[in-house]
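The values are calculated or read from the model by the stated rules, or taken from the named source; none is laboratory data. Note that this is a predicted model, so its numbers are computed, not measured. Every residue, glycine as well, gets a Cβ built from its backbone with ideal geometry; the counts of neighbours run over all protein chains shown.
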Ligand SMILES: Nc1ncnc2c1ncn2[C@@H]1O[C@H](COP(=O)(O)OP(=O)(O)O)[C@@H](O)[C@H]1O
Ligand SMILES: [Mg+2]
């Protein structure tokens, strides 16, 4: 008798416009509750940001979504636009990447530093290439299908290199790229697996203001031109407030706010989480700036917010 694939629910109650539905996610490490009963929805064609102080549990959410950790409790439903729903908490990490098409980047850069920029992007497409070879040496050597897949892999890599301005550096060793270029290459690599959901862990960390603005454009283009939903962990509020459609705020593993950028940055619980306990204290200027709580005219720091 054929066994039913338990990672494919027969039916779901999640809304059609939801891309990812996190329900009652809890992750414990011994006595520590890193994530405590977290629920939120990331919608298709939106940038959903997860923000919160250090240690709030943001990276742990990604580690649960991508199968690095098995959640203690909770349901993580990816509503794949082409393939239908997957229950990620029931899947192995490699299947989450291969079958459910969830791609991620890491808080610390993880590239193959001794491989070329282009090679990094071809290796990322290994699965598709191996499938085209029918997993055989003969397939690799003689099959037209493999040659075609290989050509397509190179074309896709070139498309992304061109898009982020790294085309000229395709033959450089990835490890020799300047830091900001390496961060962009990581995003290219994730895009080369043609994800349904792109998870980015602090992509603006260490970028200068110009690079940070370029990152805004890239992420908005991934949403608007490629139609890919993005889940974004980010400290840089100039990135978060400008490009996010929806923000989820964590503090000590709990969700303390959930809404659009305007609602979140004026939420007293959010301000308090960023300030610490002493509510009566005047808000320091750097926090005012971080949250975009400009005392001057207007709210956001640069531009017009960018997302129509
Ligand atoms: N593998 C682990 N074992 C034990 N504790 C962990 C593990 N991973 C994360 N934690 C703890 O979970 C909490 C949340 O961590 P993390 O998700 O990395 O926070 P953030 O990304 O918001 O800074 C922290 O207290 C951290 O020390
Ligand atoms: Mg983190």
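Tabulated data
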| quantity | calculated |
| --- | --- |
| Residue, farthest from residue 228 (Cα to Cα), within the stretch 190-207, restricted to residues that are within 16 Å of ligand 1 (Cβ to nearest atom) and out of contact with any strand residue (DSSP E or B) (no Cβ under 6 Å at 6 or more places or on another chain) | 206 |
| Residue list for the stretch 228-246, restricted to those being surrounded by fewer than 21 Cβ atoms within 10 Å (Cβ to Cβ), away from ligand 1 (no atom under 16 Å from the Cβ) and more than 11 Å from residue 46 (Cβ to Cβ) | 238 |
| One residue from 38, 32, 65 being within 16 Å of ligand 2 (Cβ to nearest atom), at pLDDT 95 or above, touching a helix residue (DSSP H, G or I) at 6+ places or on another chain (Cβ under 9 Å) and over 16 Å from residue 196 (Cβ atoms) | 38 |
| Condition broken by residue 172, with the remaining ones in (1) touching a strand residue (DSSP E or B) at 6+ places or on another chain (Cβ under 9 Å); (2) over 30 Å from residue 5 (Cα atoms); (3) modelled with pLDDT of 95 or more satisfied | (3) |
| Helices (runs of 4 or more DSSP H) wholly inside the stretch 190-294 containing at least 3 residues that are at pLDDT 95 or above | 209-224 |
| Pair list, Cβ < 7 Å and 6+ apart or interchain, from the stretch 226-242 residues that are at positive phi to residues that are away from ligand 2 (no atom under 13 Å from the Cβ) | 227/45 |
| Elements of type strands (runs of 3 or more DSSP E) contained in the stretch 1-76, each with 3 or more residues being loosely packed, with under 15 Cβ neighbours inside 10 Å | 18-29, 32-43 |
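One line per residue, one yes/no per condition, for (1) surrounded by fewer than 18 Cβ atoms within 10 Å (Cβ to Cβ); (2) assigned to a helix (DSSP H, G or I); (3) modelled with pLDDT under 90:
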residue	(1), (2), (3)
89	no, yes, no
96	no, yes, no
109	yes, no, yes
113	yes, no, yes
120	no, yes, no
139	yes, yes, yes
155	yes, yes, no
165	yes, no, no
